Every structure is written in C-alpha cells, then in structure tokens.
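Please read the structure below before turning to the comments.
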Amino acid sequence: MKLVLGIETSCDETACAIVRDDGKILGHVVQSQIKDHKAFGGVVPEIAARAHLDLLAPCLEACLEQAGVPLKNMSAIAATTGPGLIGGVMVGATFAKGIAFGLGKPFIAINHLEAHALTVRLTHDVPFPFVLLLVSGGHCQIILAKRVGDYQILGSTIDDAVGEAFDKTAKLLGLGYPGGPAIEMKAKKGDPLAYSLPRPLVGKKACDFSFSGLKTAARLIIEKQLELTEEFVCDLSASFQKTVGDSLVQKLTFALESMLSKEMPGHLVVAGGVASNQYLRERLERLAGEYGVIFAAADRSLCTDNGAMVAWAGVEYLNKGLASPLDTPSKPRWPLDTLSIDSMVRL
Ligand code: KG4
Ligand code: ZN
C-alpha cells in the first residue's frame, strides 16, 4: 500500500499528515499558530513564515511517531506550493523537496485549493464531476470539479472572501481571531432576524459573490452600539451568519439551475475552513435536497487547513502516476483553473 506524507504551511497552521492510499489517516498533526498572531487580530505573514520554520520539524516528528512508520517508508512527499502566504509556502515546499530528494522519492506539488476540493473524496465516495462551493479565509468560489487537475470556476467573490468577512466582523464584535468559529458559537444564542443586512449581487443572474457591503453594514451597526452586550453580539452574529447563508444559497441555486439543462453532477460539495460551519452545512444540505443532488462535506475537522488534505491530494496524483519536478516554484497566487497536469512528471 502507498503512503503519502502531506505538508501544509500556506497560512497559520503548520501541519503534517501521513495518509494511506485507501484513505486511512495514520498520522495527523496540526500545530496552530493562533497565539502568535492573536495580538494582531489576523495572520502576520512574516511571523507565520518564521513560526513554520520553527514548528515544522517537530510537527513531522510527532506525525511519524503517531503513525508508527519511518520516513523512509513514504511512497511520495506532497506539499502545498501555493496559493498562500509565500514565506510560509516556501518553508513547507523546500522542506518537502529536501526530504523527497534525500529519500529519492517523488515530490508532489499541491495546490492548496485543490487539496480542499479533494478532501471530501478522502472521507466519502464522491465521483467526478461535482459542484463545489469553496469557502475559506482567502477564497469564495463556485466550481465545477471535472477531474483531478481540471476545474472550471463558475463564480467568485468580487471583493472579500467569506472567511475574511467572518474574521473582520468577529474582530469588531470583540470575539478575536479566528472569527468564524466564534461567530458560529454566538449565533446559536442569537436571533437571525434581529438585523436586516445587505446581500449584494443577490438577484443578479450570475454566480459571483460580494461580501464587503455586508461587512461594512455590520461595522456601521456595531459602531453605533454603546455597549457590546452579550445579547447584541449573539443577535448580530446570528443575523450575519444567516445573511451569509442566504447569499451562498442564492448563488448556488443559480449555479444548479443553470446545470439543469445539462448533465447535473451527482453531488454538491462544500470545502474550505468556512465549510466547518454547521449552520451553513445544514442550509446547503437542504438546497442539495431540493435539486435531487447529494450533499457531501469532509468531517468538520478536515475542513480547516491540515496536512491530511495535502497528503490525500498527493495520493490522487500518485494514483495517476504523476509527480512534480523539484524545481516547481512556490506561488502566492495559483487559481484552480490554471493547474497544468501536462507539466507534471510521469512516474
Ligand atoms: O481553509 P482555512 O483553514 O484557511 C484558508 O485557506 O484560508 O479557512 C480559514 C477560515 C477563517 O476565515 C475562519 O474564520 C473560517 O475559515 N472558519 C469558519 C469556521 N471555522 C473556520 N467560518 C465560519 N464558521 C466556522 N465554524
Ligand atoms: Zn485553506
């Protein structure tokens, strides 16, 4: 059986995992840097890159110990080579290339967004093609996932990513970083109809999103508030979360409608950090049911950045007999519709 080591360092999680080609996760260690960035209310790229440098080797040691297999047993080494904060990406990619070179094993360059996209296939039987809502701290896109390495972007945010809107609103509410999980917690005790917030581009017949107007509207309401009472924070969190849900559902409805005349994919998948939000998962599941497609999402713990998603993407490429040259560059930007299987190495 093949074993792939996956390394993820594109944002503020230093993560390593060892995944077997049958989908069993043998080792899985995620070292969050949240405490290093907390005082700044967001991720500081320079601090992140240095922290990855310190944390990566111990993270790999812990992962190997958990898996109980030596490094030399790996069939391939996969690492995120973009998109992301470039200092951190280079730390992880260079570390992975060094291991691959030292062991004489294939190196596999993984696009972070594709790793999020494929994670569902690690835990569920989801064949291609599928409709994917990719929602993270830096991205918000509706995608038609056609096969490994082949994605068509149907719509994107024209300004902020959803996770970014969660994080910025949470900061104004005094909830700290990361904001998504904190808003989800507060929203449980709040009234989703307490505040009416804008849903820009809703009604427009296109799959593009916009979240900056929602973020600004929330900010104006928060700034008018004399005191951030628990009741206010919960109500605003619930209203904010519901409005995000309305926007996502409306745009996905349009995407699914436009596919009705063609061959409808069998699954609607949500991936990325925001996909761990239970309220949003329930809204999307309901929507999928209305269109007769199956809703699928990775386990919540695998939605936020981790090494298993990178290792699994590595397995998917290894199964196709593909790897990457050691001079593969690290990229801060790397849209999902620009992957190039042709430039990969045939094993
Ligand atoms: O995928 P991810 O871990 O990192 C990026 O690739 O960006 O996503 C992180 C984002 C953050 O903005 C975080 O606030 C958001 O995902 N997030 C959530 C939840 N958990 C994480 N947003 C809403 N609800 C959650 N439960
Ligand atoms: Zn991510």
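Just so it is clear, none of the values below were taken in a lab; they were calculated from the coordinates. Keep in mind that what you see is a predicted model, and the values were worked out from it rather than measured. Heads up, the Cβs are rebuilt from the backbone with ideal geometry, glycines too, and the neighbour counts pull from every protein chain shown.
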Counting Lys and Arg as +1 and Asp and Glu as -1, what is the net charge of the other residues whose Cβ lies under 11 Å from the Cβ of CYS207?
-> +1
Between the stretch 55-93 and the stretch 280-309, what's the alpha-carbon centroid distance in Å?
-> 26 Å
Using θ = phi - 60° and the Karplus curve 6.51 cos²θ - 1.76 cosθ + 1.60, what whole-Hz ³J(HN,Hα) does each residue of the stretch 59-71 get, with Gly and Pro shown as x?
-> 5, 5, 4, 5, 5, 5, 5, 4, 6, x, 10, x, 4
Sequence order, the stretch 308-317: Karplus ³J(HN,Hα) from phi using 6.51 cos²θ - 1.76 cosθ + 1.60, θ = phi - 60°, Hz rounded, Gly and Pro as x, gives 5, 5, 6, 4, 5, 4, x, 4, 4, 6
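Mean residue ellipticity at 222 nm from the helices of the chain, using -39,500 (n - 2.57) per DSSP H segment of n ≥ 4 over the full residue count, to the nearest 500 deg cm²/dmol? Provide the component values of the computation, followed by the final result.
Working: 10 runs with 146 residues, N = 347.
After summing the helix terms and dividing by the residues of the chain, the value is -13500 deg cm²/dmol.
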Within a Cβ distance under 12 Å of LEU144, other residues only, what is the Lys/Arg minus Asp/Glu net charge?
-> 0
Note, ILE222: beta-carbon cut-off 12 Å, +1 each Lys/Arg, -1 each Asp/Glu, net +2
What does the highest-first list of 229-239, 258-268 look like by mean Cβ count within 10 Å?
-> 229-239, 258-268
Tilt of helix 230-259 relative to the longest C-alpha principal axis of the chain, in degrees (0 to 90, nearest 10)?
-> 70 degrees
Tell me, how many Å apart are the Cα centres for the stretch 217-249 and for the stretch 122-156?
-> 29 Å
Taking Cα atoms, the helix 86-103 axis meets the longest principal axis of the chain at an angle in degrees (rounded to 10) of 20 degrees
Find how many whole Å separate the alpha carbon centroid of the stretch 22-51 from the alpha carbon centroid of the stretch 97-115.
-> 19 Å
Using 0.36 nm per residue, how much length does the chain from LEU226 to GLU263 gain when fully extended, once their Cα-Cα distance is taken away?
-> 8.0 nm
Once the Cα atoms of helix 112-123 and of the chain are each reduced to a long axis, what angle between those two axes, in degrees from 0 to 90 to the nearest 10, is obtained?
-> 80 degrees
Determine which lysines satisfy two conditions relative to LYS205: a Cα distance under 30 Å, and not lying fewer than 8 residues away in the same chain.
-> LYS146, LYS168, LYS215, LYS242, LYS251, LYS262
